[in-house]
Amino acid sequence: MKKMDDGKLLRIVLWLLLCAVGAYILIKGMSLDKKTLVNMCRDAQEKAIEAYLPGILETDGVKSQTPVEWLCSKVEKQLPFLGTIQAKEMEETEKDRETDKKIMEENSDFLEAKLLEENQEAGPVGSGEENTGGVDAQSENQESAGNTESGSQQEAGTGKDNTQTADAGDAGQQEASAANAIVNPISLDMFQDFDYVISNFYTIDKTTSINSDQLNAPALVSEDLKMTTGSDQPQILVYHSHSQEEFIDSNPGDPSTSIVGVGEYLVTLLRDTYGYNVLHVTDTFDIVDGKLDRNKAYNYAQDKISQVLEENPSVEVVIDLHRDGVPDDKHLVTDVNGKPTAKIMFFNGLSRTNQNGDIEYLPNPYIQDNLAFSLQLALQAKQYYPEWLRTIYLRGYRYNLHLRPKALLVECGAQTNTVEEEMNAMEPLADVLNKVLKGE
């Protein structure tokens, strides 16, 4: 009796499944002809006989299917499109695997690129080049075959401009005298107000952040930064991570009209007007295979400048002089003592990003000293040359400011400024440097 009950139950299940398949076919708008239905009924009967009277049918040694396997095979035979759907699903699954693999590879590439960017310590939006300011107007692949002079050739090139800069140095002395009067007095009490300091002195990049504990303005403006080394030894070093930066009227291939020439004028002012012992490194760090390539300029510069500092341990001040990159319709110029003068910006790296926190592989034990140096220079600039300073820009990387406590990155003007405007900017820069280093 139990066996018959089981058989009855199986038949009921089979017919229910067949009814479900039939309903599915009707819903999908398909139809089965009479012959197909007869075949299905006959196959069902044979399967029932095989299950309950196995001796009647010969299997010829072929392994018998289970009822479920048999039903699936019949459904697949009558509805061949199911096999196509299954194959398509398998294909889509494989595509999904390939897509996942591609996404993982792209994520890996992205992370690698971000790591490279942090190792390089900067990069403008969309270009992959190192940058410390705005949109760089120069092409990453700009041909610079004419700008690959050796250090000695560059010095010879800047030497060609020494006649002009010597005269300008005398003018710089006059300007320094004229700047002894404070135009815009700022009380040190104002630095107790963190919000005032941030809003009046700083621009904070979205990649990083800073609070009053990390930027203790009263302590920074009161830190003693006077020069302690005598002028009988090198005291100041000027260099250019991006030596190929030029201006709107620069002569291509002539370093004396590039940022290197501007740096030479600063060196002349500091040396001849203020009496400092100054080194000027004019090596090229941003040319690779004859093309402009700033991807590792800071790395190359670090190697060279570290070597120079090891050879000249007396150097206290290290200045990396740049020009910014801005939209072509922006002109960073103001009037200083009746002269058109490129506006400047100081730049500090905090070795810390919002996303990753402290960047352990970019340590800088001198962050507070760096901040003190740029803030004191900015204070002097705002008091003596109120319209000349743009801001102090804070970003999340390092920019080789770890090489000395009094390390400074300066962005002077941009590619839209003239060489004259850039040269003129070195006069107030030399003046405020002298004021801070003399403790005035």
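If N356 meets every condition in (1) more than 17 Å from V197 (Cβ to Cβ); (2) surrounded by fewer than 23 Cβ atoms within 10 Å (Cβ to Cβ); (3) within 25 Å of the chain's Cα centre (by Cα); (4) modelled with pLDDT of 95 or more apart from one, which number is that one?
(4)
Filter the range 325-359 down to the residues that are more than 26 Å from M227 (Cα to Cα) and hydrophobic (A, V, I, L, M, F, W, C) and list them by number.
V326, L332, V333, V336, A342, I359
Across the range 394-420, what is the number of residues that are farther than 21 Å from R271 by Cα, assigned to a helix (DSSP H, G or I) and in contact with a strand residue (DSSP E or B) (Cβ under 8 Å, 6 or more places away or on another chain)?
2
Anything in the range 309-324 that is farther than 22 Å from L225 by Cα and touching a strand residue (DSSP E or B) at 6+ places or on another chain (Cβ under 9 Å)? List them, or say none.
Kept after step one, since they are farther than 22 Å from L225 by Cα, are these residues of the range 309-324: 311, 322-324.
Of everything in the range 309-324, those that are farther than 22 Å from L225 by Cα and touching a strand residue (DSSP E or B) at 6+ places or on another chain (Cβ under 9 Å) turn out to be H322, R323, D324.
I'd like the full set of residues that are over 27 Å from the mean Cα position of the chain (by Cα) and either crowded, with 24+ Cβ neighbours inside 10 Å or closer than 18 Å to V333 by Cβ (or both), limited to the range 238-261. Explain how you work it out, then say what you get.
So the first thing to find is which residues in the range 238-261 are over 27 Å from the mean Cα position of the chain (by Cα), and the list is 249-257, 261.
Residues satisfying the conditions are D249, S250, P255, T257, G261.
Against the condition touching a residue at least 24 places away in the same chain (Cβ under 8 Å) and either surrounded by fewer than 15 Cβ atoms within 10 Å (Cβ to Cβ) or of a type in the set (K, R) (or both), how does P327 come out, does it pass? Lay out the reasoning, then the answer.
On the way: touching a residue at least 24 places away in the same chain (Cβ under 8 Å): yes; either surrounded by fewer than 15 Cβ atoms within 10 Å (Cβ to Cβ) or of a type in the set (K, R) (or both): yes.
Yes: the conditions hold for P327.
Would you say T268 is surrounded by 22 or more Cβ atoms within 10 Å (Cβ to Cβ), among the β-branched types (V, I, T) and farther than 30 Å from G396 by Cα? Outline the logic, then answer.
Values: surrounded by 22 or more Cβ atoms within 10 Å (Cβ to Cβ): yes; among the β-branched types (V, I, T): yes; farther than 30 Å from G396 by Cα: yes.
For T268, the condition - surrounded by 22 or more Cβ atoms within 10 Å (Cβ to Cβ), among the β-branched types (V, I, T) and farther than 30 Å from G396 by Cα - is met.
Considering only the range 287-312, state which residues are closer than 17 Å to P255 by Cβ and in a helix (DSSP H, G or I).
Scanning the range 287-312 gives A297, A301, K304.
Criterion first (hydrophobic (A, V, I, L, M, F, W, C), outside any helix (DSSP H, G or I) and either under 21 Å from L403 (Cβ atoms) or touching a residue at least 60 places away in the same chain (Cβ under 8 Å) (or both)) does L220 satisfy it?
On the way: hydrophobic (A, V, I, L, M, F, W, C): yes; outside any helix (DSSP H, G or I): no; either under 21 Å from L403 (Cβ atoms) or touching a residue at least 60 places away in the same chain (Cβ under 8 Å) (or both): yes.
No; evaluated as a whole, the condition is false for this residue.
Considering only residues that are surrounded by fewer than 16 Cβ atoms within 10 Å (Cβ to Cβ), at pLDDT 95 or above and over 20 Å from R398 (Cβ atoms), which ones fall in the range 284-324?
Across the range 284-324, the qualifying residues are E311, N312, P313, S314.
Based on what the data block shows, is V315 over 28 Å from the mean Cα position of the chain (by Cα) and either assigned by TED's automatic domain parsing to the domain that holds L377 or under 24 Å from Y384 (Cβ atoms) (or both)?
Values: over 28 Å from the mean Cα position of the chain (by Cα): yes; either assigned by TED's automatic domain parsing to the domain that holds L377 or under 24 Å from Y384 (Cβ atoms) (or both): yes.
In short, yes.
Taking the condition in contact (Cβ under 8 Å) with a residue 12 or more places away in the chain, in contact with a Pro (Cβ under 9 Å, 6 or more places away or on another chain), assigned to a loop (DSSP other than H, G, I, E, B) and among the β-branched types (V, I, T), does V315 pass? Spell out the reasoning first.
Details: in contact (Cβ under 8 Å) with a residue 12 or more places away in the chain: yes; in contact with a Pro (Cβ under 9 Å, 6 or more places away or on another chain): yes; assigned to a loop (DSSP other than H, G, I, E, B): yes; among the β-branched types (V, I, T): yes.
Yes; evaluated as a whole, the condition is true for this residue.
Would you be able to say whether some residue in the range 358-374 is free of Cβ contacts under 8 Å to residues at least 40 places away in the same chain and either within 17 Å of E411 (Cα to Cα) or of a type in the set (K, R) (or both)? Don't jump to the end; show me each part of the working.
Step one: filter the range 358-374 for residues free of Cβ contacts under 8 Å to residues at least 40 places away in the same chain, giving 358, 360, 363-365, 367, 370, 374.
Now restrict to residues that are either within 17 Å of E411 (Cα to Cα) or of a type in the set (K, R) (or both): 370, 374.
Scanning the range 358-374, I find at least one residue that is free of Cβ contacts under 8 Å to residues at least 40 places away in the same chain and either within 17 Å of E411 (Cα to Cα) or of a type in the set (K, R) (or both), so the answer is yes.
Out of (1) modelled with pLDDT of 95 or more; (2) out of contact with any Asp or Glu (no Cβ under 8 Å at 6 or more places or on another chain), the odd one out for R395 is which?
Status for R395: all satisfied but (2).
The values are calculated or read from the model by the stated rules, or taken from the named source; none is laboratory data. Worth saying up front: this structure is predicted, and the values here are computed from it rather than measured. Methodologically, a virtual Cβ is constructed for each residue, glycine included, from the backbone with ideal geometry; neighbour enumeration extends over all protein chains shown.
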